[in-house]
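Every read-out reported here was derived from the displayed coordinates using simple, explicitly stated rules and does not represent laboratory data. This structure is a prediction, so every number in the text was calculated from the model and none was measured.
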Amino acid sequence: FPSLTVFILTILLFPSCEKGSNPLKPYETTEHPIIWSYNMGMHNTGSKTIPAMDTEGNIYFAVQNNSNDPISLFAIDKTGNELWKKEFTGKLTAQIIYQEAHLYFSAQTSDSRSITWCLTSSDGEIAWANSSQQKGGCVMAVSHNYIVTGALSGGYVVGDEDTYELQMMDKTGEILTPISIGNGVAAISIVGNTLYYITNHVSGTGYAKIE
C-alpha cells in the first residue's frame, strides 16, 4: 500500500526570554511541548499551505491534495477547535490572505482562467467571487482598498492576443483599470499606496503607484 502523509497543524510552546536578555534567543532548552494539533486529513498537500491569522488568533488554511481534488479551507481557533470548513472547485494558486474580517484567495478554473474569492472570515460564506480572463492562475496581494492579481503565465486575454497585466479590484470585487507590465508576474506586494512586483523575466522587477 502507498504510504499516507497526513498534514497536521501543530502548535509548539516556546518559552519566553529572560528580561534584559537577547529578545531573539530563548532559554537554552530542547523542550517545546505540543499544546494542540489539528489533523486536516490531507495528503500530498503540495499547495499554498501558508496560514492567515486574524486579530483574535484564529487560523485559516487553504489546502489541496492535488489539482483534481477540491480546495479545502479550514478555520481553527487559537485552542485548536475547528470553526468551519469549506470546499471550492479549482486549482489553488495563491495563499489565503486575511484582511478586515474577510479572507481572499484565488484559483485556476478548468479552462485555465483565474477566479478570486472573498469570504467572510466568521463563517466562510462567499461575499463575492470574480472570474477574470487572466490565464494560468494568479498570485495576489491585498491592501485596505484594493485586491491585485497577476497572471502567473499566459497573460490577460484581450481579443485574440495575450498581454501581461496586473488586475486591480476594489473591496466589492469590481474590476478597475489594469496595469500593463509586459511580462507574467511571479510575486506581488503592496506597501502603503505602492505596489511592488516581480515578473517572470530576467529583468523583471518593478513597482507602480496605486493611488
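Quick look at the values:
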quantity: Karplus-derived 3J(HN,Hα), 6.51/-1.76/1.60, for each residue of region 72-77, Hz, glycine and proline x; calculated: 9, 10, 10, 10, 10, 7
quantity: Distant-in-sequence amide H partners of L92 (H built 1.01 Å from N, under 5 Å); calculated: Q108
quantity: Under 5 Å, built H, 5+ apart or other chain: amide partners of W84; calculated: A75
